[in-house]
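Take a look at the structure set out below.
The values are calculated or read from the model by the stated rules, or taken from the named source; none is laboratory data. Source: prediction; values computed, not measured. Positions of Cβ are backbone-derived with ideal geometry, glycine not excepted, and every protein chain shown enters the neighbour counts.
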Amino acid sequence: MTQAQAKELFASVDTIMQFASDDSKLAIKSRVKRRLTSRDAVERYLIDKMKDDKDAKRMERSEIVLKKFGLLDQDFHLQPFLVSLLKEQIAGYYDSKTKTVNLLDYLAPDTQRPVLAHELTHALQDQRVNLETWEDTSDDDLSHNMAEDNQHIATDEQDTAREAVLEGQAMAVLVDYSLKPAGRNILSDPGLVKDRADEQEADSDSPVLERAPLLLQEALLFPYREGLKFEVDLLQEKGAAGAFGGVLDRPPSTSFEIMNPRAYEARVRIPLLKMPDVHPMLDADYAPYDVGVMGQLDVRILSELFGGAQTAEMFTKAWNGGIYYAVQKKSAPDKNSTASISLLYLSQWKSPEAAAAFAKMYADELGKQYSGVKRDADAEGDAGEQVYKTNEGPMLIATTGNTVFVSESFDLNLARKLEFLMLGAQEGAGQGQAIASTGASHALTGTMVNFFAGCGLMRAAIPAHLY
């Protein structure tokens, strides 16, 4: 970018911010600083985020759990791949710490103007709610008792839902800005905008993203794609003031609400499972490692990876709640290995048929998680159980009515005791989610969604051709 082009682009910042304010009904309270950033500076920014960002640290910890679930290959090295991916994908970013919008000197000015519309929306959001506190509601401490376990679960997806709000709103302004020369906007054809959002995916112009695991592709695109569709519905129902300021004032708290905007609008009580007190049984030999919600987004990614797009659509609709609990063996020689982790996963479904189908899919794909998988029918206690031997210990999948219980790498006797506790904890438990003011953000894929969204606007989210 030449100096003359940069000067012209900087001169357009205030005009584009005024458009973003008019479009979103979010007031301009102060002038936004702007900076032209080099490719080297972007790389330094990414490396610093990897070192210091809370979501990056959580993601590094959760990597082993993602591999245990089969969402990442055992030999996949996450951090170096992320640096390459983000260097390819970042198109611009707003820094809420310095209140600065950062443009990239190696991209054409015409491509930067829609990016400005997106990033300046973040500046307006920041001036409304202070993103430094609004965007990060999590407590990074591990839980060590039943009350803390359930506190984590009750607020588990809060940050992920808020990231989807921020990116969905900014995408809505980007789309309106791009459609304005044709005299159109989102409300001219909301169905088409949602259809185009669903078409966001890795392509040949993004070679690193194209070869990324499905988990990374979906985590990167989720807040843009689902957040935009959420905003389209809210714009239709509540207008700009309700879809922007109204949602910032009363944000959704789960991926379920983002993916089901009508539930958010109606304040539908969403599925919430409970953790029993497993600590007396486990704490002598295991250290708490992670606890969280296996949310609707997590189920969609897992079932698409295991069974394909049609299977994912079926299970996403049939999902009715899920939690997981991971511990690490104190005696494990290699604490960076999935063999050191034992895992519980309880999921709830809208019908016994859906539960049985999910259990079958999970069992059929155990080869994605383990080697040496072999069914151990002699160890099965009843018709609802499936038991497998693996290279990391026993695997128990038990289906009871609408629920599926999974135990990985626990002794079978202990696994059955834990199953009894977890099923018992759901009896009489209300299905509404009571949101507390603080908690951890350890949704299975949530930390990755949050990290990507916090890095800046991704090229793959920008429509290649507008509607």
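Among the residues of the range 372-388, is there at least one that is assigned to a helix (DSSP H, G or I) and either touching a residue at least 40 places away in the same chain (Cβ under 8 Å) or in contact with a helix residue (DSSP H, G or I) (Cβ under 8 Å, 6 or more places away or on another chain) (or both)? Within the range 372-388 (the criterion being assigned to a helix (DSSP H, G or I) and either touching a residue at least 40 places away in the same chain (Cβ under 8 Å) or in contact with a helix residue (DSSP H, G or I) (Cβ under 8 Å, 6 or more places away or on another chain) (or both)), the answer is yes, since at least one residue qualifies. Scanning the range 195-205 for residues that are in contact with a helix residue (DSSP H, G or I) (Cβ under 8 Å, 6 or more places away or on another chain), closer than 21 Å to V175 by Cα and either among the polar types (S, T, N, Q) or buried (at least 18 other Cβ atoms within 10 Å of the Cβ) (or both) gives A197, Q200, A202. Test of understanding: among D249, D283, which residue is under 30 Å from T121 (Cα atoms), among the acidic types (D, E) and over 20 Å from the mean Cα position of the chain (by Cα)? Selected residue: D249, the only one of D249, D283 that is under 30 Å from T121 (Cα atoms), among the acidic types (D, E) and over 20 Å from the mean Cα position of the chain (by Cα). Residues that are of a type in the set (G, A, S) number at least 3 in the following strands (runs of 3 or more DSSP E) confined to the range 254-357: 319-329.
Residues in the range 159-170: is at least one modelled with pLDDT under 90, among the β-branched types (V, I, T), in a loop (DSSP other than H, G, I, E, B) and within 17 Å of the chain's Cα centre (by Cα)?
Of all residues in the range 159-170, those modelled with pLDDT under 90 come to 159-160.
Cutting the leftovers down to among the β-branched types (V, I, T) gives us 160.
From the residues that got through so far, the ones that are in a loop (DSSP other than H, G, I, E, B) too are none.
No, the range 159-170 has no match at all.
Sort out which residues of the range 29-54 are out of contact with any strand residue (DSSP E or B) (no Cβ under 9 Å at 6 or more places or on another chain), in contact (Cβ under 8 Å) with a residue 12 or more places away in the chain and charged (D, E, K, R), and write them in order of number. K29, R31, E43, K49, D53 - these are the residues of the range 29-54 that are out of contact with any strand residue (DSSP E or B) (no Cβ under 9 Å at 6 or more places or on another chain), in contact (Cβ under 8 Å) with a residue 12 or more places away in the chain and charged (D, E, K, R). Selection of the range 320-338 for residues being closer than 25 Å to D73 by Cα and surrounded by 20 or more Cβ atoms within 10 Å (Cβ to Cβ) yields G322, I323, Y324, Y325, A326, V327, T338.
Can you spot a residue in the range 107-115 that is β-branched (V, I, T), in a loop (DSSP other than H, G, I, E, B), outside the structural domain of V291 (by TED's automatic domain parsing) and over 21 Å from the mean Cα position of the chain (by Cα)? No, that holds for no residue. Sort through E199, E231, E210 and tell me the only one that's touching a residue at least 40 places away in the same chain (Cβ under 8 Å) and of a type in the set (D, E). Within the list E199, E231, E210, the selection yields E231.
Might you let me know whether the range 30-45 holds any residue that is more than 20 Å from the chain's Cα centre (by Cα), surrounded by 17 or more Cβ atoms within 10 Å (Cβ to Cβ), in a loop (DSSP other than H, G, I, E, B) and hydrophobic (A, V, I, L, M, F, W, C)? Within the range 30-45, one or more residues are more than 20 Å from the chain's Cα centre (by Cα), surrounded by 17 or more Cβ atoms within 10 Å (Cβ to Cβ), in a loop (DSSP other than H, G, I, E, B) and hydrophobic (A, V, I, L, M, F, W, C).
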